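In what follows, a structure is listed as structure tokens, so that the remarks can point back to it.
Computed from the coordinates by the stated procedures, all read-outs in this text should not be read as laboratory data. It should be emphasised that the depicted structure is a prediction, and the values quoted were computed from it without experimental measurement. All Cβ positions, glycine included, derive from the backbone under ideal geometry; neighbour counts span all protein chains shown.
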Amino acid sequence: MTDCLGENSETLVWLDFAIKCKYISETDYNKRIEINEEVGKLLSYMLNNPEKFGVAPL
């Protein structure tokens, strides 16, 4: 899960790069940032509540 959170953060960096280089529109950027934030929240929830996903806490 921590790897997934890291990859999600890396995606944010690439989205920032893409908007600054004008590879994507501001509308597309904003949509993808929203999705990125939601994925981050879901991953964090899963990491903090492993028992709800069939994993025994350490």
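Taking every alpha-carbon pair under 8 Å whose residues sit at least 6 apart, the chain reaches a relative contact order of 40 percent.
Taking every lysine pair in the chain that is 8 or more places apart or spans two chains, those with Cα atoms closer than 19 Å amount to 4. Between the Cα long axis of helix 26-48 and the first principal axis of the chain there is an angle of about 10°, rounded to the nearest 10. If the Kirkwood radius is taken over C-alpha pairs of the chain, then at 10 °C and 1.306 mPa s the Stokes-Einstein diffusion coefficient equals 127 µm²/s. Ranking I35, M46, C4 by Cα position along the charge dipole of region 2-48, where only Lys, Arg, Asp and Glu carry charges on their C-beta atoms, puts I35 farthest toward the positive end. Listed from fewest to most Cβ neighbours within 10 Å, the set V39, V13, V55 follows the order V13, V55, V39.
What angle do you read, to the nearest 10 degrees and between 0 and 90, between the alpha-carbon axis of helix 2-20 and the longest principal axis of the chain? The angle comes out near 10 degrees. Computed about its Cα centre, the charge dipole of the chain is approximately 80 debye, with only Lys, Arg, Asp and Glu carrying charge at their Cβ.
For the chain, the mean residue ellipticity at 222 nm estimated from helices alone is -25000 deg cm²/dmol, where every DSSP H run of n ≥ 4 contributes -39500 (n - 2.57) and the total is divided by all residues, rounded to the nearest 500. Each Lys or Arg adds one and each Asp or Glu subtracts one; over the other residues with Cβ under 14 Å from the Cβ of E10, this totals -2.
Annotation note: trypsin sites (Lys or Arg not before Pro) in region 1-51 located in DSSP loop regions with a Cβ neighbour count of at most 14 within 10 Å are K22.
Straightening the chain between T27 and T11 buys 4.1 nm, computed as 0.36 nm per residue apart minus the Cα-Cα spacing.
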